[in-house]
Amino acid sequence: MTRRWLRERRSEHYYKLAKKENLRSRAAFKLKQLNEKYNIIKKGDRVLDIGSAPGGWLLSIKEIVGENSIIVGVDVQTISEIEGVHFILGDITDSEIIDKITRISSEFDVVTSDCSPNVSGNWELDHARQIYLAEKSLETAIKVLAKGGSLIVKVFQGELFEEFIDKIRRYFSKVIVTKPEASRRKSSEVYVLGLKFTGQRD
Ligand SMILES: C[S@@+](CC[C@H](N)C(=O)[O-])C[C@H]1O[C@@H](n2cnc3c(N)ncnc32)[C@H](O)[C@@H]1O
């Protein structure tokens, strides 16, 4: 990390705002903006959040769904505890992760995934790795979503993007590709919303 990088990062509007509002991440604004516009997560919803560290989305989800719902977070990195949130330290590409998730709740109304790999700087490799995480998130969503449920998944755009979108279309009645204002304009990330899960599980 260079000093210049740190300076630029610190001067960023959303980074500052996240600090001011005591949020764990700048990423929290992306979810807030997506939900304000599309009203996907609602009070009482059961939500699974994949790639949740350091916990910015989990805090926002908790604020929306309220106290008496089920929130499960999964990440390969640990987070500091959030009251009322179940956290699984685990890898979404691990076949045993489903059992760990469904032991807490067999069904969810919404699955969110903000997964990113450790970026190497090799754009094609990073794109392929990120799409793989998005695909694993989709596979998990198909197994745990209630019929009519929704998926929010981050995707790095690139040559594998269209194929991934086609895959999502098989399972959801409506698919929207969007980029919230809090997402860096220069970044290739977009968020794909799968609305009204059809209930098809294969
Ligand atoms: C951009 S961060 C998520 C930020 C989070 N939404 C927030 O608001 O705090 C991406 C996360 O994906 C996680 N991740 C990467 N590979 C993963 C995997 N195989 N399984 C689970 N999480 C993974 C990383 O550890 C990282 O914490």
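Quick one: how many residues across the range 121-133 are of a type in the set (S, T, N, Q) and assigned to a loop (DSSP other than H, G, I, E, B)?
The qualifying residues number 1.
Is one or more of the residues making up the range 102-109 open to solvent by less than 60 Å² (accessible area, probe 1.4 Å) and β-branched (Val, Ile, Thr)?
Yes: the range 102-109 contains one or more residues that are open to solvent by less than 60 Å² (accessible area, probe 1.4 Å) and β-branched (Val, Ile, Thr).
Here are 200, 157: which of them is more than 16 Å from the chain's Cα centre (by Cα), open to solvent by 10 Å² or more (accessible area, probe 1.4 Å) and polar (S, T, N, Q)?
Going through 200, 157 in turn, just one is more than 16 Å from the chain's Cα centre (by Cα), open to solvent by 10 Å² or more (accessible area, probe 1.4 Å) and polar (S, T, N, Q): 200.
Taking residue 136 as the residue in question, decide whether it is in a strand (DSSP E or B) and within 25 Å of residue 190 (Cα to Cα).
no
Would it be correct to say that residue 141 is in a helix (DSSP H, G or I), small (Gly, Ala, Ser) and crowded, with 18+ Cβ neighbours inside 10 Å?
yes
Are there strands (runs of 3 or more DSSP E) fully within the range 45-108 with at least 1 residues that are farther than 15 Å from residue 137 by Cα, within 16 Å of the ligand (Cβ to nearest atom) and modelled with pLDDT of 95 or more? List them.
Output list reads 71-75, 85-89.
All but one of (1) within 14 Å of the ligand (Cβ to nearest atom); (2) open to solvent by 10 Å² or more (accessible area, probe 1.4 Å); (3) in contact with a Lys or Arg (Cβ under 7 Å, 6 or more places away or on another chain); (4) not hydrophobic (A, V, I, L, M, F, W, C) hold for residue 113; state the number of the condition that does not hold.
Unmet condition: (2).
Only residues that are more than 13 Å from the ligand (Cβ to nearest atom) and of a type in the set (Gly, Ala, Ser): list them for the range 22-44, please.
44
Taking the residues in the range 130-178 that are in contact with a Gly (Cβ under 7 Å, 6 or more places away or on another chain) and without any contact (Cβ under 8 Å) to a residue 40 or more places away in the chain as candidates, determine which candidate is nearest to the ligand (Cβ to nearest atom).
For the range 130-178, the residue satisfying everything is 168.
Taking only the range 109-120 into account, find how many residues are part of a strand (DSSP E or B) and among the acidic types (Asp, Glu).
Here the count works out to 1.
Need the failing condition index for residue 183 against (1) buried (at least 17 other Cβ atoms within 10 Å of the Cβ); (2) at pLDDT 95 or above, just the number.
(2)
The values are calculated or read from the model by the stated rules, or taken from the named source; none is laboratory data. All figures in this text were calculated on a predicted structure; none of them were measured in a lab. Reconstructed Cβ throughout: ideal geometry from the backbone, glycine too, with neighbour counts over all protein chains shown. These accessible areas exclude ligands, DNA and RNA; they are computed on the full protein's heavy atoms, side chains included. Shrake-Rupley method; radii C 1.70, N 1.55, O 1.52, S 1.80 Å.
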